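What follows is a set of notes on a single structure, which appears directly below.
Every number here is computed from the coordinates shown, using simple stated rules; none is lab data. Since we're looking at a predicted model, the values are computed, not measured. Here the Cβ positions follow ideal geometry from the backbone for every residue, glycine too, while neighbour counts run over all protein chains shown.
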Amino acid sequence: MPYKFVQEHVWDKYLKKDRLPHIWCPGCGLGTALSAFLMGIELAKIDLDKLVVVSGIGCAGRAAGYLNVDTFHTTHGRPIPFAIGLKLARPDLHVVVFSGDGDLATIGGNHLIHAARRNHDILVICSNNFNYGMTGGQVGATTPENAITTTTPYGNLENPFDLPYLVTAAGAVYVARWTSLHVRRLAKSIAEALQLKGFRFIEVLSQCPTVYGRRNNMPTGLDMLKFFKENCVIKNYAHPKDVEIKPGKKIIIGKFIDKTEEKLSFEDKVWNLIKKLERGK
């Protein structure tokens, strides 16, 4: 009787295999971003029973459903407040928000700002594909100036958010930006951030060839990866005010801010106060 070989993938323990194959388009960068996240978990040796991932609505938000850990899929723009409540109630958990730019920075921009301001002890991984990919390719708060979308057929006239600068100015203690091309650097950054405290933010520039790329002369995933390769420059500890994404300019990526030891997280303050009040009784 011949042997039956069953080959398991290294990431099988992290994934709900019955949910696969995933729904993402061919060439999309989200599968790569999710793989880098799994690699980061592996590198950081995170106990899966102590890990919770929260996502919102959008292409990136579907990541929560594929992960074999406790997850929650929130309403549009609301993963951060849900994650905050969870971390306040269970400070022993690693709480990660994995979602997209539309969900986190446009619909949920107010929550993003105030979570950074309060220095909540959560890690936010923001996949930025420069548009609302799942709902048809509309313009968003991170769409580059002059870019074509379904709602800006003659070019985007709005100034986009520089997300690293936005969260730094609001109070984030760890800020980085990588792309879906820079997989190992992204994974190492995620591993590092998972082991730190305070409000940590990693922006992942991710290709969306189906709706964004084909309208901006990059109709395949390979075209967009080539764009990242030719136009990204690594400048660790560059000031976030200098990393704005502008047409015709190089895109600066790297780790920009790491001040996690300089101030207490909001959760530490809350639990320190609770302990103080309990001692006073």
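Which of the numbered conditions does V233 fail, given that it passes all the others? Conditions: (1) more than 23 Å from A170 (Cβ to Cβ); (2) of a type in the set (A, V, I, L, M, F, W, C); (3) in contact with a helix residue (DSSP H, G or I) (Cβ under 8 Å, 6 or more places away or on another chain).
(3)
Only residues that are out of contact with any helix residue (DSSP H, G or I) (no Cβ under 8 Å at 6 or more places or on another chain) and hydrophobic (A, V, I, L, M, F, W, C): list them for segment 135-146, please.
V139
Hand me the list of strands (runs of 3 or more DSSP E) wholly inside segment 194-281 holding 1 or more residues that are farther than 30 Å from I148 by Cβ. Spell out the reasoning first.
On the way: elements: 200-205, 232-234, 251-258.
Output list reads 200-205, 251-258.
Applying the selection to segment 232-245, what residues are surrounded by 14 or more Cβ atoms within 10 Å (Cβ to Cβ) and farther than 15 Å from V167 by Cα?
Here is the first cut: in segment 232-245, the ones surrounded by 14 or more Cβ atoms within 10 Å (Cβ to Cβ) are 232, 235, 238, 240, 243-245.
Hits for segment 232-245 are C232, K235, I245.
Go through segment 87-108 and count every residue that is surrounded by fewer than 24 Cβ atoms within 10 Å (Cβ to Cβ) and within 26 Å of G31 (Cβ to Cβ).
Within segment 87-108, the subset surrounded by fewer than 24 Cβ atoms within 10 Å (Cβ to Cβ) is 87-94, 106-107.
Cutting the leftovers down to within 26 Å of G31 (Cβ to Cβ) gives us 93-94, 106-107.
Matching residues across segment 87-108 total 4.
Within the bounds of segment 69-76, is there any residue that is surrounded by 23 or more Cβ atoms within 10 Å (Cβ to Cβ), touching a Ser or Thr at 6+ places or on another chain (Cβ under 6 Å) and not aromatic (F, W, Y)?
Step one: filter segment 69-76 for residues surrounded by 23 or more Cβ atoms within 10 Å (Cβ to Cβ), giving none.
No: segment 69-76 contains no residue that is surrounded by 23 or more Cβ atoms within 10 Å (Cβ to Cβ), touching a Ser or Thr at 6+ places or on another chain (Cβ under 6 Å) and not aromatic (F, W, Y).
Those residues that are in contact with a Leu (Cβ under 8 Å, 6 or more places away or on another chain) and either on the phi > 0 side of the Ramachandran plot or of a type in the set (S, T, Y) (or both), I need them from segment 33-69; list them, please.
Correct list: Y66 only.
Could you check, for segment 237-254, whether at least one of its residues is within 14 Å of N129 (Cα to Cα), touching a Phe, Trp or Tyr at 6+ places or on another chain (Cβ under 7 Å) and free of Cβ contacts under 8 Å to residues at least 24 places away in the same chain?
Among the residues of segment 237-254, not one is within 14 Å of N129 (Cα to Cα), touching a Phe, Trp or Tyr at 6+ places or on another chain (Cβ under 7 Å) and free of Cβ contacts under 8 Å to residues at least 24 places away in the same chain, which makes the answer no.
Could you give me the residue pairs with C-beta distances under 8 Å whose first residue belongs to segment 147-175 and is without any contact (Cβ under 8 Å) to a residue 12 or more places away in the chain and farther than 30 Å from E261 by Cα, whose second residue is surrounded by fewer than 17 Cβ atoms within 10 Å (Cβ to Cβ) and charged (D, E, K, R) wherever it lies, and which are 6+ apart or on separate chains?
Partner pairs satisfying both residue conditions: G155/E145.
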